[in-house]
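One structure is given here, and the rest of the page talks about it.
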Amino acid sequence: MNSSLRHPQIQPANKGIAAITPYQPGKPIDELKRELGIDNIIKLASNENPLGTSKHAIEAMQTALSDISRYPDGFGFELKQALSQTFGVGLAQLTLGNGSNDILELVARTFIAENQSAVYSQHAFAVYALAVQAVGGVGIEVPAKDYGHDLPAMAAAIRPDTRVVFIANPNNPTGTWFDEAVFAQFMAQVPSDVLVVLDEAYVEYFPENFNSLPFLKQYPNLLICRTFSKAYGLAALRVGFAMADEGVTNLLNRVRQPFNVNSLALAAATAAVGDTAFLENSRALNLAGMHQLEAGLRQLWLDWIPSRANFLCVRVKQDGMGIYQKLLQKGVIVRPVNNYGLPEFIRVSIGLPEENQRFLQTLAEVLGLTPAVADASGAQAADRVTG
Ligand SMILES: *Cc1c(COP(=O)(O)O)cnc(C)c1O
């Protein structure tokens, strides 16, 4: 046997690739079932919708199944039309993605050349750094403030070679958020040739925070990125979208794969946009679940980072990875966040009431804590991490 075949000469990869630490997804339920040999497992690790999926979306997919021998609509006309009507943007302002991760990568490939820079925050969603590194770009990580984005510092960190600023509102994994006044001040400071990517993956949960859409009219250098993976309950299908200026959109669509969103995903997402009742139920369940978790954590004298998303970052005051492992052994999957620079935290997604209860109880067990009796005055509440 020719040894050069067994040991092929590997070409050096593109700049930045070898240094990439791959994204760590949440552990799948089936994998843990195989490992532990138990059935009773809950997954609160990937910020998925515990209510599942809109039944209209499921029906739309079933109908679309009869046509999967055909390529999907590469323009995504029906979904874009539904989005256009719902959010008041033109069809030419919409880019569809195979998940919003696809959009983030498209942005990097379209706008960031080798050795140009992008700004993002400490503790920000990991995909920003990955997308920048993959194109040989330089990431500028700005220290967080109270675990959240420090927008004035991020604006100040922009250099002449900076092409893109990535911001998540609220941020994952911290759940931190900012309001309209802070964002308005930030946009006013950003040079008009720097693209601002506002990632609103969780915006449906607290829409009252602020409406970012009016900023699109004022700022051609703003791109709003959203997803069907979270509140819409379609994580497995991989659909996300961007709303931006027509010029920016036109460029992204040149780089985009022609059939990057499949036909089942298009059909389901189109139906999901219109199912406002499902979104309302998801929002209400999430809010109640957040109150339930916060009350339970208070009884354990634990603190957390205040969140406006569908998860909480809980300070376990010891090695979060170890606590994650212990919860895993008891069939509760959460997310360790040591790779986000938060070694003494774990992130838990808000689930169904019984799942939240099981998490709280199991966490108390692995930490060796006994819940204190709640004091109606709130006097026993542990101090939160911020505020
Ligand atoms: C979950 C998440 C996304 C969504 O990713 P998809 O590729 O659409 O599933 C994007 N941004 C943030 C901050 C997220 O937490």
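The values are calculated or read from the model by the stated rules, or taken from the named source; none is laboratory data. Since the structure is predicted, the reported quantities are computational estimates derived from the model, not experimental observations. In this analysis, Cβ positions are derived from the backbone assuming ideal geometry, glycine residues included, and neighbour counts consider all displayed protein chains.
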Worksheet item: Is there a residue in the stretch 180-196 that is surrounded by fewer than 24 Cβ atoms within 10 Å (Cβ to Cβ), within 16 Å of the ligand (Cβ to nearest atom) and within 23 Å of residue 284 (Cβ to Cβ)?
Response: no
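This table checks each residue for (1) more than 16 Å from the ligand (Cβ to nearest atom); (2) over 17 Å from residue 263 (Cβ atoms).
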site: 32; (1), (2): yes, yes
site: 36; (1), (2): yes, yes
site: 57; (1), (2): no, no
site: 62; (1), (2): yes, no
site: 69; (1), (2): yes, no
Worksheet item: What do you reckon, is residue 307 closer than 23 Å to residue 342 by Cα, among the hydroxyl-bearing types (Ser, Thr, Tyr) and in contact with a Phe, Trp or Tyr (Cβ under 9 Å, 6 or more places away or on another chain)?
Response: yes
Fill in: Residues satisfying the stated conditions in the stretch 211-247, i.e. within 11 Å of the ligand (Cβ to nearest atom), of a type in the set (Ser, Thr, Tyr) and either surrounded by 24 or more Cβ atoms within 10 Å (Cβ to Cβ) or farther than 29 Å from residue 264 by Cβ (or both)
227, 232
Worksheet item: So, in the stretch 259-299, of the ones that are surrounded by fewer than 18 Cβ atoms within 10 Å (Cβ to Cβ) and among the aliphatic types (A, V, I, L, M), which residue ends up farthest from residue 61 (Cα to Cα)?
Response: 295
Worksheet item: Do you know which residues across the stretch 127-174 are without any contact (Cβ under 8 Å) to a residue 24 or more places away in the chain and within 14 Å of the ligand (Cβ to nearest atom)?
Response: 129
Worksheet item: If a residue has to be over 17 Å from residue 126 (Cβ atoms), within 12 Å of the ligand (Cβ to nearest atom) and surrounded by fewer than 21 Cβ atoms within 10 Å (Cβ to Cβ) to count, how many in the stretch 95-112 make the cut?
Response: 1
Worksheet, complete the sentence: Requiring at least 3 residues that are assigned by TED's automatic domain parsing to the domain that holds residue 198 and out of contact with any Gly (no Cβ under 9 Å at 6 or more places or on another chain), the strands (runs of 3 or more DSSP E) wholly within the stretch 64-178 are 138-142, 162-168
Discussion item. So if I check each of 216, 222, which one is over 13 Å from the mean Cα position of the chain (by Cα) and within 24 Å of residue 116 (Cα to Cα)?
Written reply: 222
Item to complete: Give the residue, chosen from 92, 201, 124, that is away from the ligand (no atom under 16 Å from the Cβ), within 30 Å of residue 268 (Cα to Cα) and either surrounded by fewer than 19 Cβ atoms within 10 Å (Cβ to Cβ) or small (Gly, Ala, Ser) (or both).
Response: 92
Worksheet item: From the list 190, 182, 138, 142, which one is at pLDDT 95 or above and within 30 Å of residue 258 (Cα to Cα)?
Response: 138
